[in-house]
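Working notes for the structure below.
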Amino acid sequence: MKGFNGGMAQLMKQANQMQTRMKKVQDELAKQEYTGTSGGGAVTVTVNGEYKMTALTINPEVVKSGDVEMIQDMILTATNEAVKVARETSQKEMEKVTGGMNIPGLF
């Protein structure tokens, strides 16, 4: 029984270390910014690691066209691209910590 307790203590220690590393990576990822563009750079959206938009740039020439629906579509496309990059980056970084284990509720 002594071996079991020692093994369990080691397992708990490793779990705590992984949790600490995960928290550190999550904090670092939350501070990063990710960019998506559309319309050949006509619209650029930046989001942070918490998937919140932090910047939106629209080329003035696009606005002059007066095509509101096109501008809206470009904003959506650029935003979705920025969020996709943020998610993919987050998943890759967390896989480094977890060794590829799929931990429910992590992402």
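If one takes the longest principal axis of the Cα atoms in the chain, at what angle in degrees, from 0 to 90 and to the nearest 10, does the Cα axis of helix 2-31 lie?
20 degrees
Give me the log10 of I(q) over I(0) for segment 1-64 at q = 0.27 Å⁻¹, as the Debye formula computes it from C-alpha points; what are the numbers?
Each listed q corresponds, in turn, to -1.02.
For the chain, take the longest principal axis of its alpha carbons; what is the angle in degrees between that and the long axis of helix 68-98, to the nearest 10 within 0 to 90?
Helix 68-98 sits roughly 20 degrees off the main axis of the chain.
Of GLY66, GLY41, GLY49, which is the most mobile in a GNM of the chain whose springs link Cα atoms less than 10 angstrom apart?
Highest fluctuation of the listed residues: GLY66.
Would you mind getting me the FRET efficiency between GLU69 and GLU33? Use the beta-carbon distance for r and R0 = 35 Å, nearest 0.05.
Taking R0 as 35 Å, the efficiency between GLU69 and GLU33 is 0.80.
Using a 7 Å offset from the Cα along the Cα-to-Cβ direction at both ASN16 and ASN80, what is the distance between the two label points in nm, to one decimal?
Simple spin-label model gives 4.5 nm for this pair.
Based solely on its DSSP helices, what 222 nm [θ] is calculated for the chain when runs of n ≥ 4 H residues each add -39,500 (n - 2.57) and the sum is averaged over all residues, nearest 500 deg cm²/dmol?
Result for the chain, helices only: -21500 deg cm²/dmol.
Starting at 0 and stepping by 10 Å, how many percent of the alpha carbon pairs of segment 33-72 end up in each bin?
Pair shares across the bins are 30, 48, 21, 1.
Below 21 Å, Cα to Cα, which lysines can LYS31 reach? Residues fewer than 8 away in the same chain don't count.
List returned: LYS23, LYS52, LYS84, LYS92, LYS96.
Quick one: if you take sqrt(5λ) for each eigenvalue of the C-alpha gyration tensor of the chain, what semi-axes come out, biggest first, whole angstrom?
Equivalent ellipsoid of the chain: 44, 10, 8 Å, largest first.
Most exposed first by the Cβ proxy, i.e. fewest other Cβ within 10 Å, how do TYR34, TYR51 rank?
Listed from fewest to most nearby Cβ atoms, that is TYR51, TYR34.
Given Cβ point charges of +1 (Lys, Arg) and -1 (Asp, Glu) and nothing else, what value in debye, to the nearest 20, does the dipole of the chain about its Cα centre take?
880 debye
Read-outs throughout are calculated quantities, based only on the coordinates presented, and are distinct from any laboratory measurement. In this text, all values refer to a predicted model and were calculated from it rather than measured experimentally. FYI the Cβ positions are ideal-geometry reconstructions off the backbone, even for glycines, and counts take in every protein chain you see.
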